[in-house]
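Scroll down for the structure; my scribbles are underneath it.
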Amino acid sequence: MSTLRTSIRYINLRAAAAVGHQVRHSSQALRARLEELIPQKAARLQTLKKEYGSHPVQTTTIAQVVGGMRGMKAMLWEGSELDANEGIRFHGLNLEECAEKLPKARNVDGSEGVMLPEAMLWLIMTGEIPTTEQVEGLAKDLAAQAALPEYTLKLLEGGLPSSLHPMTQLSIAVASLNHDSKFAQAYEKGVNKKELWKYAYEDSITLLAKLPAIAAGVYKNAYGKGLGARKCAELAQEGGDWTQPLALALSGGEERKGWADCLRLYLALHGDHEGGNVSAHTSHLVGSALADPFLSYSAALNGLAGPLHGLAAQEVLTFVKTMHDALGADASDTDIEGYLWDVLNSGRVIPGYGHGVLRKTDPRFTALAKFGSSSPTLSSDPLFRLVQRLQAIATPVLQKHGKTANPFPNVDSQSGACMQHFGLEEAPMYTVVFGVSRALGCLSQGVWSRGLGLPIERPKSVSLRVLEEGVKGAGAGAGQA
Ligand code: AMX
């Protein structure tokens, strides 16, 4: 692999420390912007609630009650919206617009890299495109807090068994940070409820800052590979963007051309996917009980670890590799089709296909495929090529199968093939990287939920008997009319 160094144009943190108060000023810009935006939106919410609180949004059907609440509009979140056909939009911007407008990494050879995930965080939190200076300030703030406390390091340096699934390790390490939660301390001191969002913000920035080192620590603890948590945090404190230290820590310090950009793109793309997906909804639910951001996000990670949600990327790579090994490099389309039917006929799903909301190819899949196709090495990787090829075969098979509402590929179809190409071959780590990314949206949602004073979630469950009686009533009523 080439060793062309990718880095960004941020000033070195140590040099910046010489102008201490300026650094503090710039890094607090996001919080300051939220301080302006939150009261405005809270006032709009109050008016809406007061004047139209009893206005119906939609009728809930029995199919929704017994069908995983599909399409039920029951949460408030503005960071991103998912359209079944267009895919994700972040405050109205689709992925192509985000890629064009958000500040980007810059390679040392002068070429422009991809959008920065910390710029995506700014967009999700504020609905605004940050300037390069604002993103630099935010990245410095994150870097300054990258180091992990000793109690978390102990977990990731032999405290947890290496055989424990990396997602369980990630979740435990994140939960452990609750030890020093500013939010929990503020609540205990009786801080005014209206001020709680500021502490949620502080904890959220702390967690985002530490997530790359935690992921690097999980990798080292689980596989004995990479630079580990301490070194990852040290690299962050030397300056640079949020992703670069993680890219280096996962590659064992080797600077692999295209890897940092691949990771940046992945982290930006997976940052948020509306409020109702399992991880986002879980962190929202747990946070609504005023559990601090560390506990809320740790809970979200346990949901992300499910095979129908975040674990799918791990499953896809295993699936594609097994298929590649079983059929050989020269497999024909008919061989692949037969393999897919065997999977379906044995009652299993084709991982990386289908979605709870989307009804077209996931634009995040397309963005990663475009990135891969423009990379001379990735585009010729056998597994990457197989994933590309699979699209044309799996979609008609699933259509013929006739069950799947969305027979098109989702993002998990693509991501593992990209990451293995750059040397991250341990598939369980893909969900960990997903977990680093999804924090952007989940934590932003938590800050806003506290800022808007949203209450504890408490939907109503109903028994089968109640549903059956309701139907009888409707039938009898209709008959009498
Ligand atoms: N292969 C085979 N069958 C599938 C399928 C697939 N990829 N996707 C859905 N189906 C089946 C379902 O199992 C269901 O069968 P059933 O009626 O016998 O229970 C039927 O099609 C209808 O399901 P659906 O309405 O299309 O999907 P859903 O909203 O219930 O579930 C999802 C969505 C993603 C869980 C499902 O498509 C799936 O299991 N996909 C494979 C796993 C995957 O790629 N997950 C990643 C999702 C993205 C993410 O969160 N990271």
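The values are calculated or read from the model by the stated rules, or taken from the named source; none is laboratory data. The model shown is predicted, which means the values in this text are computed figures rather than measured ones. As a convention, Cβ positions derive from the backbone with ideal geometry for all residues, glycine included, and neighbour counts pool all protein chains shown. Heavy atoms of the whole protein, side chains included, go into the accessibility calculation; ligands, DNA and RNA do not. Shrake-Rupley method; radii C 1.70, N 1.55, O 1.52, S 1.80 Å.
Points worth noting:
- Candidate lysines - alpha carbon under 17 Å from LYS257, same-chain residues fewer than 8 apart omitted: LYS104, LYS370
- Projected label distance in nm at TYR223 and LYS41, using a 7 Å step from Cα toward the beta-carbon: 3.7
- Reach of LYS182 by Cα under 21 Å, taken over lysines that are not fewer than 8 positions away in the same chain: LYS140, LYS193, LYS194, LYS198, LYS210
- Heavy-atom surface analysis with a 1.4 Å probe gives the stretch 359-481 a carbon and sulfur content of 59 percent of its accessible area.
- Semi-axis lengths (Å, descending) of the ellipsoid that matches the C-alpha gyration tensor of the stretch 59-214: 29, 26, 20
- Whole-number D in µm² s⁻¹ for the chain, Kirkwood Cα-pair radius fed into Stokes-Einstein, 4 °C, 1.567 mPa s: 55
- Cα-derived Rg over Rh, computed across the stretch 207-259 with Rh taken as Kirkwood radius: 0.94
- Extending 7 Å from the Cα toward the beta-carbon at both ARG359 and LEU164 defines two label points whose distance is 4.4 nm.
- Sorted from longest to shortest, the spans of the Cα atoms of the stretch 312-421 along the three principal axes equal 37, 33, 21 Å.
- Whole-Å distance, taken between Cα centres, linking the stretch 235-250 and the stretch 263-316: 23
- Cα centroid separation - the stretch 393-454 against the stretch 131-197, whole Å: 23
- Placing dummy labels 7 Å off each Cα toward the beta-carbon, the span from THR377 to GLU51 is 5.9 nm.
- Of the residues TYR151, TYR339, TYR297, TYR353, the one with the largest accessible area comes first in the ranking TYR151, TYR339, TYR353, TYR297, computed with a 1.4 Å probe on protein heavy atoms.
- Set of the stretch 350-387 residues, backbone N closer than 15 Å to the point 7 Å along the Cα-Cβ line of ARG70: 354-360
- The stretch 141-211 pair-distance distribution - Cα-Cα, 10 Å bins, rounded %: 19, 43, 28, 8, 1
- In terms of overall dimensions, the stretch 148-283 has a Cα radius of gyration and Dmax of 16.1, 51 angstrom.
- With N counted as the residues of the stretch 64-108, its alpha-carbon radius of gyration over 2.2 N^0.38 Å works out to 1.65.
- As a calculated quantity, the FRET efficiency between THR59 and HIS401 at R0 = 25 Å, using C-beta atoms, amounts to about 0.20.
- Per residue, the chain exposes an accessible area of 45 Å² to a 1.4 Å probe, with every protein chain left in place.
- For the stretch 56-72, the Karplus equation 6.51 cos²θ - 1.76 cosθ + 1.60, evaluated at θ = phi - 60°, returns couplings of x, 9, 6, 8, 8, 9, 4, 4, 6, 5, 9, x, x, 6, 3, x, 6 Hz by residue, with Gly and Pro reported as x.
- Helix-only arithmetic for the chain: the sum of -39500 (n - 2.57) across DSSP H runs with n ≥ 4, divided by the residue total, places the mean residue ellipticity at 222 nm at -18500 deg cm²/dmol.
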